[in-house]
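Peer 1: The structure under discussion is supplied below as C-alpha cells; questions concerning it will follow.
What follows draws every value from the coordinates through simple rules; no lab data is involved. Owing to the predicted nature of the structure, the values given are computational and were not obtained by experimental measurement. Using ideal geometry, Cβ is built from the backbone for each residue, glycine included, and neighbour counts are taken over all protein chains shown.
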Amino acid sequence: MKLFKPLIFLFIIIGLSSFQKEQDDFHPIEDIDSFIKKIDLYAAVTNTIKSNFTQEKHLTMLEEVLVSEGHFIFQKENNVLWEYKKPIDYAIIVFEGQFTIRDGNKVNAFDIQSNRMFREINNMIITSVSGNFLDNPDFKSTYFENNTFYLVKLSPLKQEVKNMLSTIEIYFNKNDISVSEVKFIEPGDDFTLIQFSETEFN
Amino acid sequence: MIGFFLSINSCSYKHYKGFTKVIATEISLPVIFDPTFKKANYLTHLEVFGNQLSGITIIKKVEQTNTFHVVFLSQIGIKYFDLEIAMNEEAEGFRMNYIMESLNRDFIINALKADFELLFVKFNNDAQLQMYQHPQKEIKEIIISDGKNLASYIIDKKDVQSISLKKGSSDHASIIIKELNTIYPRKFEMNNKKARMKMIMNEIILE
C-alpha cells in the first residue's frame, strides 16, 4: 500500500475507544481508495498524540490474561514514547533515530540493526505503535467495515513473521478514522489486544 | 554457602568435604515446587550469548497432566518461548510449543530443557539417588545420576538452595535459589555454562 506513509497510523492511534465495537457484520470495504484518503488527511493534520493504553495478552493454553497499562506519546516525525506503568515500569523510547529501552532504573540504548533478535522485537514494536506495516510489502492487507468501524486485516507474507503472527487487526472508528484498538493474533490463537483511551492530540 | 568442590571420574564422585554418606532404604527426590503449586509469575532477565532480553515468565502447573508449562513474554507481549515439561513417568517429557525464530537454536533449546528439568526435578525412572549429610549442620546433598548426567541438590534443612548439573566431566548448568516460600521459589537464577545462558527470575505479583 504505497499510499500509506510510514508511521501514518501512529498519527491516528488516538483512542476514542470508549464504546464497544461491533465485531459482527463486517463486510469488505467497497471504496478502499476513499478510506485511504481519509487516513492520509487525518495524518496530515496531526502533529502530536498522547494516549493511555491497556494491553491484554491472552494465552489460550494457559487460560491466562496478562494485563498491562501505560501511556503513549507520539511526536511528529518519528519520536515515540511507549511506556508501561503497570505491572512494571518499562519504556521504549525512539528519539531522533536512537532506540532506547528503560527497564526500571536501567537504561540501554542500542543499534537496532546490529542484532537480529532486537530487530525482530523492534519490528513488533513498530508494528504496535506505528502501523507502518501498511507500507510494508511483507504484509497483505484486506479491508472491511460495519456500521461503526473500518477493519484492516494484515496477513504476513514472510515466513519469519508468520512464525510470530498470523494476523494483525486494526479497528478504526468511522466517525473520525481514529484507531480504537489493535489485535495481534498469533499462530495457536494466543493474541495481544491493545485498546487506546483518553487520547489528546493537537 | 559452603565451599563447593565437585569432580567426577569413571567410578567416583567427590562431594562436600566432611559430608558422610547416608545409608537409607529409600531416598526421596528433592522438592522445589511443592505438589500444591499452581502458578507463579516472574520478572525475568535472560542473557544468552551477550544478548539481553527481559519480560515476564509464567510458570503454571497443569494438574490434569502433571505438566509444568513455562511461557516467557516480553513486556510488549511478544512471546519468546513456550515450553512444557511433563512429570508423569509415561509422558513424553519435554515439548517446545513455540520459540522465537532468533532463539530457535538447538543449543538454546537444549539449555532450556536441561535447566527447567533440573528446576522441576525431572529425571528418568532408573536414576540413582545418593544422599550425603554434613556432620554438624542440617545440610545435606542429594546426588542424582542417570548414567550420563549427574545432578547435585544442596538442601539446607528442607529447602533446596542450589543445584548443579554435570554432563560427562564438565559443568553444565547450575541453579541458585535465593528466596523461596513454602511452595515454590520466589527468586532464583539459572546459569547454563554450556550455552552461556543466564536466566534471572524474581517473582512479581500481578493483579
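Peer 1: Restricting attention to region B:94-109, does a residue exist that is more than 25 Å from A:Ile185 (Cβ to Cβ), among the β-branched types (Val, Ile, Thr) and within 14 Å of chain A (Cβ to nearest Cβ)?
Peer 2: Yes, because at least one residue in region B:94-109 is more than 25 Å from A:Ile185 (Cβ to Cβ), among the β-branched types (Val, Ile, Thr) and within 14 Å of chain A (Cβ to nearest Cβ).
Peer 1: Quick check on my filter: what residues within region B:73-104 are within 16 Å of B:Gln52 (Cα to Cα) and of a type in the set (D, E, K, R)?
Peer 2: B:Lys79, B:Glu101, listed by residue number.
Peer 1: Filter region A:149-202 down to residues that are among the acidic types (Asp, Glu), outside any strand (DSSP E or B) and out of contact with any His (no Cβ under 9 Å at 6 or more places or on another chain) and give me whichever is farthest from the other protein chains (Cβ to nearest Cβ).
Peer 2: At the first step, the residues of region A:149-202 found to be among the acidic types (Asp, Glu) are A:160, A:169, A:176, A:181, A:186, A:189-190, A:198, A:200.
Now restrict to residues that are outside any strand (DSSP E or B): A:160, A:176, A:186, A:189-190.
Cutting the leftovers down to out of contact with any His (no Cβ under 9 Å at 6 or more places or on another chain) gives us A:160, A:176, A:186.
On the way: A:Glu160: 5, A:Asp176: 26, A:Glu186: 7 Å.
Among those that are among the acidic types (Asp, Glu), outside any strand (DSSP E or B) and out of contact with any His (no Cβ under 9 Å at 6 or more places or on another chain), it is A:Asp176.
Peer 1: If a residue has to be within 14 Å of chain A (Cβ to nearest Cβ), of a type in the set (Val, Ile, Thr) and farther than 16 Å from B:Lys60 by Cα to count, how many in region B:174-207 make the cut?
Peer 2: 1
Peer 1: Also, quick follow-up: Among the residues of region B:65-78, write down those that are assigned to a strand (DSSP E or B) and at the interface with another protein chain (Cβ under 7 Å from one of its Cβ atoms). Give the steps one after another, and end with the answer.
Peer 2: Kept after step one, since they are assigned to a strand (DSSP E or B), are these residues of region B:65-78: B:67-73.
Across region B:65-78, the qualifying residues are B:His69, B:Val71, B:Leu73.
Peer 1: Please find, within region A:48-74, the residue that is farthest from the chain's Cα centre (by Cα) out of those that are without any contact (Cβ under 8 Å) to a residue 40 or more places away in the chain and crowded, with 16+ Cβ neighbours inside 10 Å.
Peer 2: Kept after step one, since they are without any contact (Cβ under 8 Å) to a residue 40 or more places away in the chain, are these residues of region A:48-74: A:62-71, A:73.
Restricting the remaining residues to those that are crowded, with 16+ Cβ neighbours inside 10 Å gives A:62, A:64, A:66, A:68, A:70.
Values: A:Leu62: 25, A:Glu64: 22, A:Leu66: 18, A:Ser68: 15, A:Gly70: 14 Å.
In this case the residue turns out to be A:Leu62.
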